[in-house]
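For reference, the structure is listed below as structure tokens.
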């Protein structure tokens with residue numbers, strides 16, 4: 001019974017329509033994530049167009065990429081995501097055109113407050129913080145994009161970087177936390 005009470009508390013902020021959408025989204029992508037070959041890519045692209053807030057063009061979704069709260073995510077033209085990526089749009093995510101996401105990347109637009117030690121972190125609702133990823137951005141394998149970040153046009157994020165703040169246009173970022181290595185549009 002404690003488990004049911006816990007679940008009831010966790011979902012109290014969702015309407016029945018929201019819960020139905022999330023469960024359907026999870027079921028459809030849970031099944032389609034295992035469909036191999038280009039046929040699977042096409043099926044996942046069709047599902048993305050059906051569930052996303054907006055999809056402006058072609059989407060190449062590899063197997064085992066996970067999306068949550070797609071109704072709060074917009075996709076520009078020519079979006080590609082590799083195997084194992086986790087994208088949670090709870091706070092809203094806006095993808096520009098020509099965005100590439102490497103394998104095992106995490107992009108989550110919600111964070112859990114940690115200040116009050118009298119309430120377990122697990123019991124707290126996520127605080128939404130929109131992420132904006134502008135045009136021509138490449139996020140390398142294993143990178144983590146934290147809530148509230150803006151990746152400006154032309155940014156490249158190195159493998160396993162942890163991005164905690166906004167970038168400049170054409171920035172090349174790497175490290176944990178990510179730091180600026182150089183600007184792509186400046187001659188060295």
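Quick look at the numbers
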item: One residue from 66, 74, 83 being at pLDDT 95 or above, out of contact with any helix residue (DSSP H, G or I) (no Cβ under 6 Å at 6 or more places or on another chain), surrounded by fewer than 16 Cβ atoms within 10 Å (Cβ to Cβ) and within 22 Å of residue 128 (Cα to Cα); result: 66
item: Residue in the range 178-185 that is outside any strand (DSSP E or B), out of contact with any strand residue (DSSP E or B) (no Cβ under 8 Å at 6 or more places or on another chain) and either loosely packed, with under 15 Cβ neighbours inside 10 Å or at pLDDT 95 or above (or both) present; result: yes
item: Residues of the range 98-143 satisfying the condition of being touching a helix residue (DSSP H, G or I) at 6+ places or on another chain (Cβ under 7 Å) and at pLDDT 90 or above; result: none
item: Scan of the range 48-63 for residues that are farther than 13 Å from residue 75 by Cα and surrounded by 17 or more Cβ atoms within 10 Å (Cβ to Cβ), ordered by number; result: 62
item: Residues (farther than 14 Å from residue 137 by Cβ and assigned to a loop (DSSP other than H, G, I, E, B)) located in the range 67-80; result: 69
item: Output for the range 60-80, where each listed residue is more than 18 Å from residue 26 (Cβ to Cβ) and in contact with a strand residue (DSSP E or B) (Cβ under 6 Å, 6 or more places away or on another chain); result: 60, 74, 75, 76, 79, 80
item: So residue 155, is it buried (at least 18 other Cβ atoms within 10 Å of the Cβ), under 24 Å from residue 112 (Cα atoms) and out of contact with any helix residue (DSSP H, G or I) (no Cβ under 8 Å at 6 or more places or on another chain); result: no
item: Within the range 164-188, tally of residues that are under 18 Å from the mean Cα position of the chain (by Cα) and under 15 Å from residue 100 (Cβ atoms); result: 0
item: Tally of residues being touching a residue at least 24 places away in the same chain (Cβ under 8 Å) and surrounded by 11 or more Cβ atoms within 10 Å (Cβ to Cβ) across the range 25-41; result: 5
item: Some residue of the range 92-103 being more than 14 Å from the chain's Cα centre (by Cα), surrounded by fewer than 22 Cβ atoms within 10 Å (Cβ to Cβ) and more than 28 Å from residue 7 (Cα to Cα); result: yes
item: Residue list for the range 142-152, filter: surrounded by fewer than 18 Cβ atoms within 10 Å (Cβ to Cβ) and over 13 Å from the mean Cα position of the chain (by Cα); result: none
item: Tally of residues being assigned to a loop (DSSP other than H, G, I, E, B) and either under 18 Å from residue 106 (Cα atoms) or modelled with pLDDT under 95 (or both) across the range 159-177; result: 10
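The values are calculated or read from the model by the stated rules, or taken from the named source; none is laboratory data. Because the structure is predicted, anything quoted here is derived from the model rather than measured. Because the Cβ atoms are built from the backbone with ideal geometry, glycine has one as well, and the counts that use them run over all protein chains shown.
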